[in-house]
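Since every read-out is calculated from the coordinates, none of them should be taken as a lab result. The model shown is predicted, which means the values in this text are computed figures rather than measured ones. Note that each Cβ is placed from the backbone with ideal geometry, even for glycine, and that neighbours are counted across all protein chains shown.
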Amino acid sequence: MSVGAFISNPVNKNEIGLYIPVATESFYRKAWLSGSEELRLKYIPLFSNGIDIKKEELFLIQDELKQLRIWAKEKLDKEDCERIVKRINFIDRELPKLFLRKDTVVFIG
């Protein structure tokens, strides 16, 4: 299994096909969840069961991604750090693109 983000209320074919990969389930548990728990983050730990986010919550997710990126650089080995930082940078860049409408809801899980 894997963790990813997609629009849960798509209104057209373009929105249906949008998907942002986050992590494999095993790497999510190993790195993402470990860091999130250590940092006492609110949103990223909820990705394991799934969470709906709205545009106004995007900055909160991005803030947690920033914290997790810093944590990874300090705590993870080189290979895992490169893996998670590359994905965080990708998500940070691509996630805002899913919120083209005011009422868009994105599911991450």
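Beyond 30 Å in Cα-Cα separation lie the following of the pairs Lys42/Lys102; Lys42/Lys78; Lys55/Lys86; Lys13/Lys42; Lys13/Lys55: Lys13/Lys42.
If the chain between Ser26 and Asn9 were fully stretched, how many nm would it gain, using 0.36 nm times the residue separation less the Cα-Cα distance? Mind dumping the intermediate values first?
On the way: separation 17, 0.36 × 17 = 6.12 nm, distance 2.77 nm.
Full extension from Ser26 to Asn9 adds 3.4 nm.
The aspartates and glutamates within cross-link reach of Lys97, meaning a Cα-to-Cα straight distance under 19 Å and a gap of 8 or more places when in the same chain, are Glu15, Asp52, Glu56, Glu57, Asp63, Glu64. Take the Cα radius of gyration of the chain and divide it by 2.2 N^0.38 Å, N being the number of residues; the result is 1.03.
Expressed in whole Å with the largest first, what are the equivalent ellipsoid semi-axes of the stretch 1-58 derived from the C-alpha gyration tensor as the square root of 5 times each eigenvalue? Please list the in-between numbers first.
Values: eigenvalues 114, 40, 10 Å².
Three semi-axes, in Å: 24, 14, 7.
Once the Cα atoms are used to define both axes, helix 78-94 deviates from the longest principal axis of the chain by about 20 degrees.
Amide hydrogen proximity for Val22: with H placed 1.01 Å from N in the peptide plane, the residues at 5 or more positions away or on another chain lying under 5 Å are Val3, Gly4, Ala5. Suppose R0 equals 41 Å. What FRET efficiency, 1/(1 + (r/R0)^6) with r the Cβ-Cβ distance, do Arg101 and Lys66 give to the nearest 0.05? Once the sixth-power term is evaluated, E becomes 0.95.
Pairs of Cα atoms nearer than 8 Å and 6+ residues apart set the relative contact order; for the chain it is 42 percent. With respect to the chain, whose longest principal axis is taken over its alpha-carbon atoms, helix 58-75 is tilted by about 20°.
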